[in-house]
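Peer 1: Handing you a structure now.
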Amino acid sequence: MSTSETYFCATEKDTEELGRRLAAAARKGDCFALYGTLGMGKSVLCRAFIRSLTGAEEIPSPTFTLVQTYPAKDFDIYHFDLYRLKSPEEIFELGMEEALYSGVTLIEWPEKMGGYLPRKAIRIEIVPAMSGRRITVSGMKGEKDLD
C-alpha cells in the first residue's frame with residue numbers, strides 16, 4: 001500500500017532533516033523523483049540525503065555533469081539533475097537504467113524523463129507555503145515509515 005505524507009519545512013534545516021529521514025528509509029532500487037521550481041530546496045534535500053548515508057562533505061550539484069555518484073554502505077546513490085536535458089532519450093546516455101536497478105536514484109527535474117520515469121518512483125513535491133516549503137512525499141511503502 002502506498003502512502004502520502006505532507007511536511008511543512010520552515011527552514012533549510014527542516015528540509016535537511018526530511019532528507020535524512022528519507023535516506024534512513026531508502027532501500028536499493030528506490031527512485032526518488034523531486035519536483036519543484038528553481039530554488040525550492042530540491043538540492044538541499046538531496047545533499048542531506050547523500051551526506052547522511054555517505055558522510056561526504058563535498059556534494060556538488062550535478063547541474064552541469066547531469067549525474068554524480070556516491071558509494072554508500074549497501075548501494076550507490078545516483079544524483080541526477082535533468083534540468084538541461086533536451087529530450088527524454090538522453091537519460092540512456094547518462095546510465096539511468098543501471099542506476100535505477102543497482103542503486104538508489106535521486107532525480108531532480110524528473111518531468112524531463114517523460115514516460116521513462118518508473119511507475120514505482122517515490123514522488124517528492126516541493127512548493128512554497130507561507131514562509132517555508134510544503135513537501136509532499138507520495139509512493140513510499142508502509143514499511144518505510146518516516147516517523
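Peer 1: Kindly indicate whether residue 52 is without any contact (Cβ under 8 Å) to a residue 60 or more places away in the chain, among the polar types (S, T, N, Q), over 20 Å from residue 136 (Cβ atoms) and out of contact with any Lys or Arg (no Cβ under 8 Å at 6 or more places or on another chain).
Peer 2: Judged against the criteria, residue 52 is not a match.
Peer 1: Could you list, in sequence order, the residues of region 68-108 that are surrounded by 15 or more Cβ atoms within 10 Å (Cβ to Cβ), touching a residue at least 60 places away in the same chain (Cβ under 8 Å) and over 18 Å from residue 20 (Cα atoms)?
Peer 2: 100
Peer 1: What tally of residues in region 21-49 results from selecting those that are in contact with a Lys or Arg (Cβ under 9 Å, 6 or more places away or on another chain) and more than 18 Å from residue 121 (Cα to Cα)?
Peer 2: Of the residues in that region, 3 qualify.
Peer 1: What is the one condition in (1) over 14 Å from the mean Cα position of the chain (by Cα); (2) at pLDDT below 95; (3) closer than 18 Å to residue 112 by Cα that residue 58 does not satisfy?
Peer 2: The one condition residue 58 does not meet is (3).
Peer 1: Name the residue that is surrounded by the most Cβ atoms within 10 Å (Cβ to Cβ), counting only residues in region 17-46 that are under 16 Å from residue 7 (Cβ atoms) and among the charged types (D, E, K, R).
Peer 2: 42
Peer 1: For residues that are among the β-branched types (Val, Ile, Thr) and outside any strand (DSSP E or B), scanning just region 1-16, find the one that is surrounded by the most Cβ atoms within 10 Å (Cβ to Cβ).
Peer 2: 15
Peer 1: Still on this structure: Give the residues of region 36-53 that are in a helix (DSSP H, G or I) and not small (Gly, Ala, Ser), sorted by residue number.
Peer 2: 42, 44, 45, 46, 47, 49, 50, 51, 53
Peer 1: Shifting gears a bit: Looking only at region 47-60, filter to residues that are closer than 18 Å to residue 13 by Cα and not charged (D, E, K, R); which one of those is surrounded by the most Cβ atoms within 10 Å (Cβ to Cβ)?
Peer 2: The selected residue is 49.
For (1) assigned to a strand (DSSP E or B); (2) modelled with pLDDT under 95, each residue gets a yes or a no:
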site	(1), (2)
93	no, yes
98	no, yes
104	yes, no
107	yes, no
119	no, yes
125	yes, no
136	yes, no
139	yes, yes
147	no, yes
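Peer 1: Something else: It is to be established whether one or more residues within region 64-80 are closer than 15 Å to residue 124 by Cα and outside any loop (DSSP other than H, G, I, E, B).
Peer 2: Checked region 64-80: at least one residue is closer than 15 Å to residue 124 by Cα and outside any loop (DSSP other than H, G, I, E, B).
Peer 1: Checking the conditions here, which among 33, 23, 56 is over 17 Å from residue 131 (Cβ atoms), hydrophobic (A, V, I, L, M, F, W, C) and in a loop (DSSP other than H, G, I, E, B)?
Peer 2: Of 33, 23, 56, the one residue that is over 17 Å from residue 131 (Cβ atoms), hydrophobic (A, V, I, L, M, F, W, C) and in a loop (DSSP other than H, G, I, E, B) is 56.
The values are calculated or read from the model by the stated rules, or taken from the named source; none is laboratory data. All values derive from a computational prediction rather than experimental measurement. All Cβ positions, glycine included, derive from the backbone under ideal geometry; neighbour counts span all protein chains shown.
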